[in-house]
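S.K.: Take a look at this one; I'll ask things after.
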Amino acid sequence: MCGIVGYLGKNDALPALIDGLKRLEYRGYDSSGVALRLTGGIECVKAVGKIANLEKKLGGKERRADLGIAHTRWATHGEANEINAHPHSDCSGKIWLAHNGIIENYKRLKEELEAKGHIFKSQTDTEVIAHLIEDTHEANPFIAMRKALKMLKGAYAIVFIHEDFPEKIMAAKMGSPLVIGLGDGETIIASDISAIISRAREVIYLDDGEVVEIRKNGLKILDVLGAEISKEPRKIDWDSGEAEKKGFPHFMLKEIFEQPEAILNSVRGRIDSEKGEAIFEEFDAFTETARSAREIAIVACGTAMHAGLVGEYMFEEMAGVPSKVDYASEFRYRTPVIGKDTLLLAISQSGETADTLAALREGKKRGATTLGVVNVLGSTIARELDACVHNRIGLEMSVASTKAFTSQTAIMALLSVYFGRQREMTFAKAKDILNELLLIPEKIKKILELSGEIKKIAEKHIKAKNFLYLGRKYNVATALEGALKLKELSYIHAEGMPSGEMKHGSIALIDDDFPTMFICLKDSVYEKNISNMEEIRCRGGRIIAVATEGDEKIKSVAGDVIYVPETIEPLSPILAAIPLQLFAYHMAVLKGLDVDKPRNLAKSVTVE
Ligand code: F6R
């Protein structure tokens, strides 16, 4: 998704802006641009494709500036070319502006501005904002911006600079994230904290409706009503080294290998083995609400939704609470029947996914208590939830989510104990889950040792154009997640589904060129899965099985077998997901694809 960086300070703005853009690369983009306040005026340079192309266009020429803004664009209106890349300008060329989000009423605004004589250069919705600011004919650009904002409908994070005001960056937030980093004699404003952590240890998160004027000697923040407010900076608890690859060829591989530690961090301090309880101090004010809740409505997108699906099965089977997971993008459109006795559980790594945020707000509107599992502290979702559990897994840089999935699933298990112990879960059952959860990190380490073996299996199947991913019960979610990983990284078409569903249509696809990844563990649905595997095999389908260590029988049905250690059924998706992550990773590397930045994808999807 688009990324914004703005810089004002004692150091050279251009290297700071380029460094910030590079740190936002992981979010996905198709063009970039920078506008710098030089002695002679503002210079804007843009390029299509990678930031390296922008650097090439900048050509190493000395440009001393202490103020500037920069942007990586992920096209929504108009193709990815230099004209549509940000920053955008008004007719006078004095205002330069970068924007994340979507302006829903831009067409009407553009027509009105054109009728007044404004000349547009790009096809973007963003350019409208620059002309609207100009059109206020207001001498003070901060006041002009606030007037222009009143006319916008949609979501935005905006930063802009004005040629006649060389010591100011103006910015506004509505629906898209914006964070201000306070460094040593410098201020950085960005859409994502990762662009800030190398230069600042304190941040201020802007809230919707807030506007800010950044000056050399301080900040002026106004709230939604226009009143000046002071916001307490928060300390950044992430180490800037987390944004580095630490010797791994890709962020994705680094994050796959971080999973044992990530899970330990997620569960640490949340297990009371003596009492057989899960501890969530975050929920202290909601204990009674959680105890008496009639149901749990889980909302999330993509990988987080798959963790939510495991949660749905866990909450019903182990905690006895009616639960349903929804695609967050569907939730508010399908008129969900929820109310005061519903717990809405939002799951999001970034805490900025627009659909999950909209679902959370829908839940609030209908009176539900909103709880959540979020990795990025201070993100919009984290702040809007009634109570938020933090994953504590550090930055996830790879666009393809890995450690977030296993951490979210581990927290689902803890939550099932939390809700279960409030209801009818026995001490023994709870202890069983909690003890096993503590063993999961070591078991993951064993699976990670299989990376080379999994690469060889990937080599065998590298020519396949399609893949089926099958699993049953808890591992339906794993099948969906495995298929998502393969398609997003290797661009191979992959479908995930419950193994029992396959014979209701999809089996027609099976032949020698259409392999199946089958999650078939020694669990309560093992025999059923074996029968489904036989159905595929006798139609000539090739099978790779993810199986439980010691299961020799499976070799008679599957061509390739990847063994994972035994665990209890509800926790098995955590282990079974790891070989699928590694398989997708190796497939993409073998195909020579950009693993950390797959085409068309964005790390955090801040538009609906
Ligand atoms: C897939 C992936 C996405 C995200 C989804 C939700 O690898 O990363 O499917 O899981 O966009 O993102 P968050 O968790 O940030 O809300």
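S.K.: Which of (1) free of Cβ contacts under 8 Å to residues at least 24 places away in the same chain; (2) over 26 Å from ASP66 (Cβ atoms); (3) open to solvent by less than 30 Å² (accessible area, probe 1.4 Å) does ASN105 not meet, given it meets every other one?
M.R.: Only one criterion is unmet by ASN105, namely (1).
S.K.: Right, here's the next one. Which ones in the stretch 305-333 are more than 14 Å from the ligand (Cβ to nearest atom), open to solvent by less than 70 Å² (accessible area, probe 1.4 Å) and either aromatic (Phe, Trp, Tyr) or in contact with a Ser or Thr (Cβ under 6 Å, 6 or more places away or on another chain) (or both)?
M.R.: Those that are more than 14 Å from the ligand (Cβ to nearest atom), open to solvent by less than 70 Å² (accessible area, probe 1.4 Å) and either aromatic (Phe, Trp, Tyr) or in contact with a Ser or Thr (Cβ under 6 Å, 6 or more places away or on another chain) (or both): GLU312, MET314, PHE315, MET318, ALA319.
S.K.: Looking at the stretch 331-356 only, could you name the residues that are free of Cβ contacts under 8 Å to residues at least 40 places away in the same chain and in contact with a helix residue (DSSP H, G or I) (Cβ under 7 Å, 6 or more places away or on another chain)?
M.R.: Hits for the stretch 331-356 are PHE331, ARG332, GLY351.
S.K.: Filtering the stretch 550-606 down to residues that are open to solvent by less than 20 Å² (accessible area, probe 1.4 Å), assigned to a loop (DSSP other than H, G, I, E, B) and within 16 Å of the ligand (Cβ to nearest atom), which residue is modelled with the highest pLDDT?
M.R.: Selected residue: VAL595.
S.K.: Any idea how many residues of the stretch 17-37 are at pLDDT 90 or above, touching a Gly at 6+ places or on another chain (Cβ under 9 Å) and either closer than 30 Å to GLU255 by Cα or open to solvent by 30 Å² or more (accessible area, probe 1.4 Å) (or both)?
M.R.: Final tally of qualifying residues: 6.
S.K.: Kindly list the number of the only condition in (1) in contact with an Asp or Glu (Cβ under 9 Å, 6 or more places away or on another chain); (2) without any contact (Cβ under 8 Å) to a residue 60 or more places away in the chain; (3) within 23 Å of MET174 (Cβ to Cβ) that fails for ARG27.
M.R.: (2)
S.K.: Shifting gears a bit: Within the stretch 44-53, how many residues turn out to be at pLDDT below 95 and within 19 Å of TYR7 (Cα to Cα)?
M.R.: The total comes to 1.
S.K.: What number of residues within the stretch 340-367 satisfy the criterion of being outside any helix (DSSP H, G or I) and either within 16 Å of the ligand (Cβ to nearest atom) or open to solvent by 10 Å² or more (accessible area, probe 1.4 Å) (or both)?
M.R.: Qualifying residue count for the region: 14.
S.K.: State the number of residues belonging to the stretch 261-272 that are in contact with a helix residue (DSSP H, G or I) (Cβ under 6 Å, 6 or more places away or on another chain) and surrounded by fewer than 20 Cβ atoms within 10 Å (Cβ to Cβ).
M.R.: Of the residues in the stretch 261-272, 1 are in contact with a helix residue (DSSP H, G or I) (Cβ under 6 Å, 6 or more places away or on another chain) and surrounded by fewer than 20 Cβ atoms within 10 Å (Cβ to Cβ).
S.K.: Same structure again: I need a count of the residues in the stretch 493-526 that are farther than 19 Å from LYS465 by Cα, out of contact with any Asp or Glu (no Cβ under 9 Å at 6 or more places or on another chain) and surrounded by 21 or more Cβ atoms within 10 Å (Cβ to Cβ).
M.R.: Going through the stretch 493-526 one residue at a time, the tally reaches 2.
S.K.: Go through (1) in contact with a helix residue (DSSP H, G or I) (Cβ under 8 Å, 6 or more places away or on another chain); (2) more than 24 Å from ASP207 (Cα to Cα); (3) hydrophobic (A, V, I, L, M, F, W, C) and name the single condition VAL299 misses.
M.R.: If we test VAL299 against (1) in contact with a helix residue (DSSP H, G or I) (Cβ under 8 Å, 6 or more places away or on another chain); (2) more than 24 Å from ASP207 (Cα to Cα); (3) hydrophobic (A, V, I, L, M, F, W, C), just (2) comes out false.
S.K.: Another one. Yes or no: the stretch 293-300 includes at least one residue that is of a type outside the set (A, V, I, L, M) and touching a Leu at 6+ places or on another chain (Cβ under 8 Å).
M.R.: yes
S.K.: Among the residues of the stretch 58-79, are any over 17 Å from TYR156 (Cα atoms), crowded, with 20+ Cβ neighbours inside 10 Å and aliphatic (A, V, I, L, M)?
M.R.: yes
S.K.: What are the residues in the stretch 368-393 that are open to solvent by 10 Å² or more (accessible area, probe 1.4 Å), more than 9 Å from the ligand (Cβ to nearest atom) and under 29 Å from LEU439 (Cβ atoms), if any?
M.R.: Within the stretch 368-393, LEU377, CYS388, HIS390, ARG392, ILE393 qualify.
S.K.: Would you mention how many residues in the stretch 123-137 are assigned to a loop (DSSP other than H, G, I, E, B) and either among the aromatic types (Phe, Trp, Tyr) or open to solvent by 10 Å² or more (accessible area, probe 1.4 Å) (or both)?
M.R.: So the count comes out to 3.
Per-residue answers, yes or no, for (1) out of contact with any Pro (no Cβ under 8 Å at 6 or more places or on another chain); (2) acidic (Asp, Glu); (3) under 23 Å from TYR526 (Cβ atoms):
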{"residue": "SER401", "(1), (2), (3)": "yes, no, no"}
{"residue": "SER407", "(1), (2), (3)": "yes, no, no"}
{"residue": "LYS431", "(1), (2), (3)": "yes, no, no"}
{"residue": "GLU453", "(1), (2), (3)": "yes, yes, yes"}
{"residue": "ALA464", "(1), (2), (3)": "no, no, no"}
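S.K.: Kindly establish whether THR402 is open to solvent by less than 20 Å² (accessible area, probe 1.4 Å), of a type in the set (Val, Ile, Thr) and either at positive phi or within 11 Å of the ligand (Cβ to nearest atom) (or both).
M.R.: yes
S.K.: Would you check which residues across the stretch 459-483 are charged (D, E, K, R), open to solvent by 10 Å² or more (accessible area, probe 1.4 Å) and within 15 Å of GLY311 (Cα to Cα) and list them?
M.R.: Listed by number, the residues that qualify are ARG472, LYS473.
S.K.: Name the residue, out of ALA297, ALA290, that is surrounded by 15 or more Cβ atoms within 10 Å (Cβ to Cβ), in contact (Cβ under 8 Å) with a residue 12 or more places away in the chain and part of a helix (DSSP H, G or I).
M.R.: Answer to the selection: ALA290.
The values are calculated or read from the model by the stated rules, or taken from the named source; none is laboratory data. Predicted model, so just to flag it, every value in this text is computed and none were measured. Virtual Cβ from ideal backbone geometry, glycine too; neighbours counted across all protein chains shown. Just so you know, the surface numbers come from the protein's heavy atoms only, side chains and all, with ligands and any DNA or RNA stripped out. Shrake-Rupley method; radii C 1.70, N 1.55, O 1.52, S 1.80 Å.
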